[in-house]
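The block underneath contains the structure these notes are about, expressed in C-alpha coordinates.
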Amino acid sequence: MKHKQTLSILLLIGFILPFSIGCQGLDRTHESVVKATDPDRARIQSNLKWLNPQPRIRPVSSDQMYVFCRVKNSSGTDVDLRRAILDEVEAQGYRLTRNVDEAQFTLTADLRYLGETATKQHDAVVGSAIIGGIAGAVIGNNSGGRTGEGAAIGAVAGALLGDVTEKRNKDREFTLVVDVIIGERIRGGVNTTREGNQSGSVQSSNAQRTGAGYETGRSDAGSSERQIYETTEEFLYHENRVTASAKRLNLTLEEATPSLTRRLSRAISSALP
(Lines give C-alpha, C1' and ligand atoms only; values in the text may rest on other atoms or scores of the structure.)
Protein backbone atom coordinates (compact mmCIF):
# COMPACT_ATOMS: atom_id res chain seq x y z
CA MET A 1 0.00 0.00 0.00
CA LYS A 2 2.76 2.40 0.92
CA HIS A 3 4.52 1.48 -2.29
CA LYS A 4 1.43 2.46 -4.34
CA GLN A 5 1.08 5.78 -2.49
CA THR A 6 4.74 6.58 -3.06
CA LEU A 7 4.39 5.71 -6.72
CA SER A 8 1.28 7.90 -6.99
CA ILE A 9 3.07 10.86 -5.44
CA LEU A 10 6.02 10.42 -7.78
CA LEU A 11 3.65 10.26 -10.74
CA LEU A 12 1.89 13.39 -9.50
CA ILE A 13 5.20 15.24 -9.27
CA GLY A 14 6.18 13.93 -12.67
CA PHE A 15 2.93 15.24 -14.14
CA ILE A 16 3.04 18.70 -12.56
CA LEU A 17 6.77 19.41 -12.87
CA PRO A 18 6.86 19.79 -16.68
CA PHE A 19 3.97 22.26 -16.51
CA SER A 20 5.53 24.22 -13.67
CA ILE A 21 8.85 24.46 -15.43
CA GLY A 22 7.53 24.90 -18.96
CA CYS A 23 5.20 27.87 -18.52
CA GLN A 24 4.56 28.18 -22.22
CA GLY A 25 3.37 24.60 -22.33
CA LEU A 26 1.11 25.29 -19.36
CA ASP A 27 -0.30 28.38 -21.05
CA ARG A 28 -1.02 26.49 -24.26
CA THR A 29 -2.70 23.71 -22.33
CA HIS A 30 -4.80 26.16 -20.34
CA GLU A 31 -5.82 28.09 -23.47
CA SER A 32 -6.88 24.91 -25.23
CA VAL A 33 -9.01 23.99 -22.22
CA VAL A 34 -10.53 27.48 -22.19
CA LYS A 35 -11.38 27.25 -25.89
CA ALA A 36 -13.20 23.99 -25.19
CA THR A 37 -15.05 25.14 -22.06
CA ASP A 38 -15.54 28.89 -22.66
CA PRO A 39 -14.75 29.82 -26.28
CA ASP A 40 -15.82 33.46 -25.77
CA ARG A 41 -12.76 34.04 -23.59
CA ALA A 42 -10.47 32.89 -26.40
CA ARG A 43 -11.58 35.56 -28.91
CA ILE A 44 -11.54 39.35 -28.72
CA GLN A 45 -14.81 40.78 -27.43
CA SER A 46 -15.30 44.47 -28.13
CA ASN A 47 -17.79 46.97 -26.78
CA LEU A 48 -18.56 50.60 -27.64
CA LYS A 49 -20.71 53.15 -25.82
CA TRP A 50 -21.60 56.81 -26.31
CA LEU A 51 -21.93 58.89 -23.15
CA ASN A 52 -24.89 60.90 -24.52
CA PRO A 53 -27.52 60.20 -27.20
CA GLN A 54 -26.47 61.26 -30.66
CA PRO A 55 -27.71 64.78 -31.54
CA ARG A 56 -29.96 65.46 -34.52
CA ILE A 57 -27.68 67.08 -37.09
CA ARG A 58 -29.23 68.44 -40.26
CA PRO A 59 -28.19 66.64 -43.47
CA VAL A 60 -27.01 68.56 -46.51
CA SER A 61 -26.86 67.91 -50.25
CA SER A 62 -23.95 65.91 -51.62
CA ASP A 63 -22.21 68.97 -53.08
CA GLN A 64 -21.97 70.50 -49.59
CA MET A 65 -20.56 67.46 -47.78
CA TYR A 66 -17.23 69.05 -46.85
CA VAL A 67 -15.71 68.26 -43.46
CA PHE A 68 -12.93 70.06 -41.62
CA CYS A 69 -11.40 67.34 -39.43
CA ARG A 70 -8.92 67.55 -36.59
CA VAL A 71 -7.68 64.59 -34.54
CA LYS A 72 -5.78 65.20 -31.30
CA ASN A 73 -4.11 62.95 -28.74
CA SER A 74 -4.28 64.32 -25.20
CA SER A 75 -3.49 60.90 -23.73
CA GLY A 76 0.14 61.03 -24.87
CA THR A 77 0.02 57.41 -26.09
CA ASP A 78 1.53 56.15 -29.34
CA VAL A 79 -1.83 55.25 -30.89
CA ASP A 80 -2.68 57.32 -33.96
CA LEU A 81 -6.40 57.51 -34.78
CA ARG A 82 -6.09 60.22 -37.41
CA ARG A 83 -5.64 58.11 -40.52
CA ALA A 84 -8.35 55.64 -39.53
CA ILE A 85 -10.90 58.40 -38.83
CA LEU A 86 -10.12 60.30 -42.04
CA ASP A 87 -10.47 57.12 -44.10
CA GLU A 88 -13.84 56.31 -42.54
CA VAL A 89 -15.12 59.87 -43.05
CA GLU A 90 -14.26 59.63 -46.75
CA ALA A 91 -15.84 56.19 -46.91
CA GLN A 92 -19.10 57.79 -45.71
CA GLY A 93 -19.08 59.98 -48.84
CA TYR A 94 -17.69 63.18 -47.29
CA ARG A 95 -14.88 65.25 -48.72
CA LEU A 96 -12.12 66.48 -46.44
CA THR A 97 -11.01 70.09 -46.55
CA ARG A 98 -8.30 72.07 -44.81
CA ASN A 99 -10.25 75.29 -45.24
CA VAL A 100 -12.80 75.66 -42.45
CA ASP A 101 -14.54 78.44 -44.39
CA GLU A 102 -15.77 75.99 -47.04
CA ALA A 103 -16.63 73.21 -44.58
CA GLN A 104 -20.25 72.41 -43.81
CA PHE A 105 -19.20 70.32 -40.81
CA THR A 106 -16.27 70.25 -38.40
CA LEU A 107 -15.16 67.10 -36.63
CA THR A 108 -12.76 67.16 -33.69
CA ALA A 109 -11.74 63.88 -32.02
CA ASP A 110 -9.45 63.94 -29.00
CA LEU A 111 -8.00 60.69 -27.66
CA ARG A 112 -8.16 61.18 -23.88
CA TYR A 113 -7.28 57.77 -22.45
CA LEU A 114 -5.94 54.38 -23.48
CA GLY A 115 -5.01 51.75 -20.95
CA GLU A 116 -5.83 48.49 -19.23
CA THR A 117 -9.01 48.26 -17.20
CA ALA A 118 -9.21 46.15 -14.08
CA THR A 119 -11.56 43.20 -14.65
CA LYS A 120 -13.03 40.54 -12.43
CA GLN A 121 -10.85 37.51 -12.96
CA HIS A 122 -12.37 34.23 -14.07
CA ASP A 123 -11.64 31.36 -11.75
CA ALA A 124 -8.96 29.07 -13.16
CA VAL A 125 -10.22 26.12 -11.10
CA VAL A 126 -12.61 24.84 -13.78
CA GLY A 127 -9.98 24.50 -16.47
CA SER A 128 -7.44 23.17 -14.03
CA ALA A 129 -9.93 20.65 -12.68
CA ILE A 130 -10.20 19.21 -16.17
CA ILE A 131 -6.42 19.01 -16.42
CA GLY A 132 -6.34 17.54 -12.91
CA GLY A 133 -8.98 14.99 -13.83
CA ILE A 134 -6.86 13.86 -16.75
CA ALA A 135 -3.90 13.67 -14.41
CA GLY A 136 -5.91 11.60 -11.92
CA ALA A 137 -7.00 9.15 -14.58
CA VAL A 138 -3.45 8.73 -15.85
CA ILE A 139 -2.01 8.38 -12.36
CA GLY A 140 -4.72 5.99 -11.20
CA ASN A 141 -4.20 3.80 -14.23
CA ASN A 142 -0.40 3.79 -14.12
CA SER A 143 -0.22 3.18 -10.39
CA GLY A 144 -2.72 0.34 -10.50
CA GLY A 145 -4.71 2.13 -7.86
CA ARG A 146 -8.42 2.63 -7.58
CA THR A 147 -10.35 5.33 -9.40
CA GLY A 148 -11.05 7.23 -6.19
CA GLU A 149 -7.37 7.39 -5.36
CA GLY A 150 -6.51 8.69 -8.82
CA ALA A 151 -9.30 11.28 -8.61
CA ALA A 152 -8.02 12.54 -5.27
CA ILE A 153 -4.51 12.87 -6.63
CA GLY A 154 -5.92 14.58 -9.71
CA ALA A 155 -7.73 17.08 -7.48
CA VAL A 156 -4.40 17.97 -5.87
CA ALA A 157 -2.87 18.40 -9.31
CA GLY A 158 -5.80 20.57 -10.38
CA ALA A 159 -5.45 22.79 -7.32
CA LEU A 160 -1.74 23.29 -7.87
CA LEU A 161 -2.17 23.97 -11.57
CA GLY A 162 -5.10 26.28 -10.83
CA ASP A 163 -2.91 28.47 -8.65
CA VAL A 164 -0.30 28.72 -11.41
CA THR A 165 -2.74 29.38 -14.24
CA GLU A 166 -4.68 31.97 -12.26
CA LYS A 167 -1.51 34.01 -11.84
CA ARG A 168 -0.36 33.68 -15.44
CA ASN A 169 -3.53 33.53 -17.54
CA LYS A 170 -5.86 36.49 -17.15
CA ASP A 171 -8.70 38.09 -19.01
CA ARG A 172 -7.23 41.49 -19.93
CA GLU A 173 -9.37 44.43 -21.03
CA PHE A 174 -8.17 47.64 -22.69
CA THR A 175 -10.31 50.77 -22.92
CA LEU A 176 -10.01 53.74 -25.25
CA VAL A 177 -11.82 57.04 -24.54
CA VAL A 178 -12.34 59.76 -27.17
CA ASP A 179 -14.03 63.16 -26.85
CA VAL A 180 -15.90 64.12 -30.02
CA ILE A 181 -17.10 67.58 -31.07
CA ILE A 182 -19.16 67.94 -34.25
CA GLY A 183 -19.96 71.38 -35.59
CA GLU A 184 -22.69 72.05 -38.15
CA ARG A 185 -22.80 75.30 -40.07
CA ILE A 186 -25.96 77.29 -39.37
CA ARG A 187 -27.18 79.96 -41.76
CA GLY A 188 -27.40 83.29 -39.97
CA GLY A 189 -24.93 82.18 -37.32
CA VAL A 190 -25.29 81.04 -33.72
CA ASN A 191 -25.28 83.34 -30.69
CA THR A 192 -22.99 81.91 -28.04
CA THR A 193 -22.46 83.08 -24.47
CA ARG A 194 -19.03 82.22 -23.16
CA GLU A 195 -17.80 82.40 -19.61
CA GLY A 196 -14.20 82.21 -18.42
CA ASN A 197 -13.08 79.27 -16.34
CA GLN A 198 -11.61 81.52 -13.65
CA SER A 199 -13.22 84.02 -11.31
CA GLY A 200 -11.75 86.10 -8.52
CA SER A 201 -13.09 87.73 -5.37
CA VAL A 202 -11.74 89.84 -2.49
CA GLN A 203 -13.32 90.17 0.96
CA SER A 204 -12.17 92.40 3.84
CA SER A 205 -13.56 93.20 7.29
CA ASN A 206 -12.41 95.75 9.90
CA ALA A 207 -13.53 96.25 13.51
CA GLN A 208 -12.41 98.82 16.10
CA ARG A 209 -13.08 99.34 19.83
CA THR A 210 -11.75 102.36 21.79
CA GLY A 211 -11.58 103.94 25.26
CA ALA A 212 -13.75 103.97 28.31
CA GLY A 213 -16.53 105.44 26.26
CA TYR A 214 -16.80 102.10 24.57
CA GLU A 215 -16.96 103.35 21.01
CA THR A 216 -17.05 100.66 18.37
CA GLY A 217 -16.88 100.64 14.59
CA ARG A 218 -17.00 98.07 11.78
CA SER A 219 -16.67 98.17 8.02
CA ASP A 220 -16.98 95.45 5.40
CA ALA A 221 -15.89 95.55 1.78
CA GLY A 222 -15.78 93.01 -1.01
CA SER A 223 -15.44 92.67 -4.75
CA SER A 224 -15.65 89.87 -7.27
CA GLU A 225 -15.32 89.51 -11.00
CA ARG A 226 -15.69 86.94 -13.75
CA GLN A 227 -15.25 86.98 -17.51
CA ILE A 228 -18.27 86.55 -19.73
CA TYR A 229 -19.02 87.63 -23.28
CA GLU A 230 -21.33 86.94 -26.18
CA THR A 231 -20.27 86.14 -29.70
CA THR A 232 -21.78 85.04 -32.99
CA GLU A 233 -20.37 81.89 -34.56
CA GLU A 234 -21.03 80.07 -37.80
CA PHE A 235 -21.21 76.60 -36.27
CA LEU A 236 -23.45 74.92 -33.73
CA TYR A 237 -21.33 72.46 -31.74
CA HIS A 238 -22.36 69.10 -30.29
CA GLU A 239 -20.10 67.47 -27.69
CA ASN A 240 -20.04 63.80 -26.79
CA ARG A 241 -17.72 61.11 -25.46
CA VAL A 242 -17.28 57.58 -26.76
CA THR A 243 -15.56 54.65 -25.07
CA ALA A 244 -14.48 51.40 -26.69
CA SER A 245 -13.11 48.34 -24.95
CA ALA A 246 -11.63 45.02 -26.02
CA LYS A 247 -11.21 41.93 -23.83
CA ARG A 248 -9.72 38.49 -24.26
CA LEU A 249 -7.65 35.90 -22.44
CA ASN A 250 -4.02 37.11 -22.31
CA LEU A 251 -4.83 40.04 -24.61
CA THR A 252 -2.01 42.52 -25.27
CA LEU A 253 -2.28 46.21 -26.09
CA GLU A 254 -0.78 45.59 -29.54
CA GLU A 255 -3.51 43.03 -30.27
CA ALA A 256 -6.31 45.20 -28.87
CA THR A 257 -5.38 48.43 -30.67
CA PRO A 258 -6.47 47.48 -34.25
CA SER A 259 -9.87 46.29 -33.02
CA LEU A 260 -10.42 49.42 -30.94
CA THR A 261 -9.25 51.73 -33.72
CA ARG A 262 -11.52 50.19 -36.36
CA ARG A 263 -14.63 50.28 -34.22
CA LEU A 264 -14.04 53.79 -32.92
CA SER A 265 -13.29 55.31 -36.32
CA ARG A 266 -16.47 53.80 -37.79
CA ALA A 267 -18.58 55.05 -34.89
CA ILE A 268 -17.13 58.56 -34.98
CA SER A 269 -17.54 58.96 -38.74
CA SER A 270 -21.10 57.65 -38.50
CA ALA A 271 -21.96 60.44 -36.06
CA LEU A 272 -21.98 62.78 -39.07
CA PRO A 273 -25.46 63.08 -40.70
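The values are calculated or read from the model by the stated rules, or taken from the named source; none is laboratory data. The model shown is predicted, which means the values in this text are computed figures rather than measured ones. Please note: Cβ atoms are built from the backbone with ideal geometry, for glycine as well, and neighbour counts cover all protein chains shown. Side chains are part of the model used for accessible areas, which takes the heavy atoms of the whole protein and leaves out ligands, DNA and RNA. Shrake-Rupley method; radii C 1.70, N 1.55, O 1.52, S 1.80 Å.
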How would you order 262-269, 88-95 from highest to lowest mean count of nearby Cβ atoms within 10 Å?
262-269, 88-95
Rank these by accessible area, largest first, 1.4 Å probe: Arg98, Arg241, Arg82.
Arg98, Arg82, Arg241
How long is the gain from Val60 to Val190 if the chain were fully straight, where each residue apart is worth 0.36 nm and the alpha carbon distance is subtracted?
45.0 nm
In nm, give the distance between the simple-model label positions of Ser75 and Lys49, each being 7 Å from the Cα along the Cα-to-Cβ direction.
1.7
